[in-house]
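Below is one structure, written out as C-alpha cells; the observations come after it.
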C-alpha cells in the first residue's frame with residue numbers, strides 16, 4: 001500500500017502551502033523514511049521563501065531533493081531527521097539524517113541517509129547540516145593553537161562555528177552580534193560575547209556570518225596584521241560593499257569564502273561528503289547545541305511559521321518542525 005504523504009511547497013514568493021504527494025514503495029537499495037523533525041534557519045530558507053535567490057545562482061542553490069524551480073513553485077529544504085520504515089534490514093527502525101525538504105514521508109537511495117548515533121537525540125540531529133557547514137569552515141580556516149578568533153554574526157551558522165572553534169586549545173573566541181540577547185547564547189556555548197562597537201580587535205581569524213556589508217566591514221577592522229576573514233554569509237541578491245581602501249593592503253589582510261557545497265581542499269581526499277556529515281553528527285553528542293534549537297512548531301503550521309521567520313517576528317536560530325507520529 002502506498003503511504004500517505006504531505007509536503008510543504010513555496011507556491012509563490014512569500015506564500016507557502018501543504019500539498020499531498022505520492023510516495024511509492026522503496027525499490028532495491030532504497031529506503032522509505034517517516035520524518036520526525038526538520039529544521040528551519042533564518043538564512044538560506046528565508047531567502048528562498050522571499051524569492052531572493054539570484055537567477056545566476058539557481059543551479060548552485062538547488063537542494064539535493066528539491067522539486068520545482070526558483071523562484072517558485074518549489075519544494076525546498078535540507079535538514080530532515082526521520083525513521084526508516086522500509087529498506088535494507090540494517091537500516092529499518094534506525095533514525096537517520098537526510099538532505100530532504102519538509103515532507104512527512106519520502107523514498108531515497110539508502111546511501112542518501114546517514115544514521116544518527118544513538119547518543120544524539122533526533123531533535124538535535126536537525127543541526128547536522130549546520131554543523132557540517134561549520135566543520136568545513138574550520139577546515140578552510142585551519143585555526144592554530146592560541147589564535148584570537150572572532151565570529152561576527154551570532155545566527156545559526158555563526159554560533160555553531162563559535163562553539164566548535166572554542167574546542168581548540170588556548171584560543172580566545174568572541175561571538176559578535178548587534179542583538180544583546182545573543183549574549184546568553186554565547187554564554188551557553190562557552191564563548192565570549194561583544195557588540196560590534198566593543199568587540200576585541202587584533203584577531204588572527206574572523207569568521208563572518210552576519211550576511212551584511214556592515215558585518216563584513218567590521219570583520220576586516222577586527223583583524224591583526226596578515227589576518228584572515230572567512231566569509232560564510234549568503235547575501236542572495238543584495239549588493240555588498242567592502243572597504244578595501246583603508247587597512248586592507250597595508251595590513252596585508254585576506255578575505256576568503258567558505259561554502260558547504262564543496263569539501264575543503266585540505267580534507268577532500270580523506271573525508272569526502274559522507275565522512276564530513278558523519279563527523280558533524282558525532283559532534284552533536286554535545287548537549288550545548290540544544291541552545292541553538294530556539295522554537296518548535298507542528299508541520300501543519302509551517303505555512304504560517306515561515307512568513308514570521310522571514311519577517312523576523314520569530315527570533316529563531318534553528319526553528320524545529322515537529323511531524324505527526326503516525327505520518
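Restricting attention to strands (runs of 3 or more DSSP E) lying wholly within the stretch 179-261, give those where 1 or more residues are touching a strand residue (DSSP E or B) at 6+ places or on another chain (Cβ under 6 Å) and over 27 Å from residue 318 (Cβ atoms).
Working: elements: 192-194, 203-208, 223-231, 254-257.
So the answer is 203-208, 223-231, 254-257.
A single member of 322, 238 is modelled with pLDDT under 95 and more than 17 Å from the chain's Cα centre (by Cα), and it is 238.
From the list 59, 72, which residue is in a loop (DSSP other than H, G, I, E, B) and without any contact (Cβ under 8 Å) to a residue 40 or more places away in the chain?
Numbers: 72 fails: without any contact (Cβ under 8 Å) to a residue 40 or more places away in the chain.
None of the others qualify; the one that does is 59.
How many residues does the stretch 142-162 contain that are modelled with pLDDT under 95 and touching a strand residue (DSSP E or B) at 6+ places or on another chain (Cβ under 6 Å)? Of the residues in the stretch 142-162, 1 are modelled with pLDDT under 95 and touching a strand residue (DSSP E or B) at 6+ places or on another chain (Cβ under 6 Å). When the test is whether a residue is surrounded by fewer than 24 Cβ atoms within 10 Å (Cβ to Cβ), at pLDDT below 95 and outside the structural domain of residue 40 (by TED's automatic domain parsing), residue 181 passes it.
Scan the stretch 273-301 residue by residue and report those that are assigned to a strand (DSSP E or B) and buried (at least 18 other Cβ atoms within 10 Å of the Cβ).
Step one: of the stretch 273-301, the residues assigned to a strand (DSSP E or B) are 293-298.
Within the stretch 273-301, 293, 297 meet the criteria.
Could you tell me whether the stretch 23-38 includes any residue that is closer than 23 Å to residue 311 by Cα and either buried (at least 22 other Cβ atoms within 10 Å of the Cβ) or at pLDDT 95 or above (or both)? Taking every residue of the stretch 23-38 in turn, at least one turns out to be closer than 23 Å to residue 311 by Cα and either buried (at least 22 other Cβ atoms within 10 Å of the Cβ) or at pLDDT 95 or above (or both). In the set 252, 270, 256, which member is exposed (fewer than 12 other Cβ atoms within 10 Å of the Cβ) and outside the structural domain of residue 215 (by TED's automatic domain parsing)? Being exposed (fewer than 12 other Cβ atoms within 10 Å of the Cβ) and outside the structural domain of residue 215 (by TED's automatic domain parsing) holds for just one of 252, 270, 256, which is 270.
The values are calculated or read from the model by the stated rules, or taken from the named source; none is laboratory data. Everything numeric here is computed off the predicted structure, so don't read it as measured data. Note: ideal-geometry Cβ built from the backbone for every residue, glycine included; neighbour counts use all protein chains shown.
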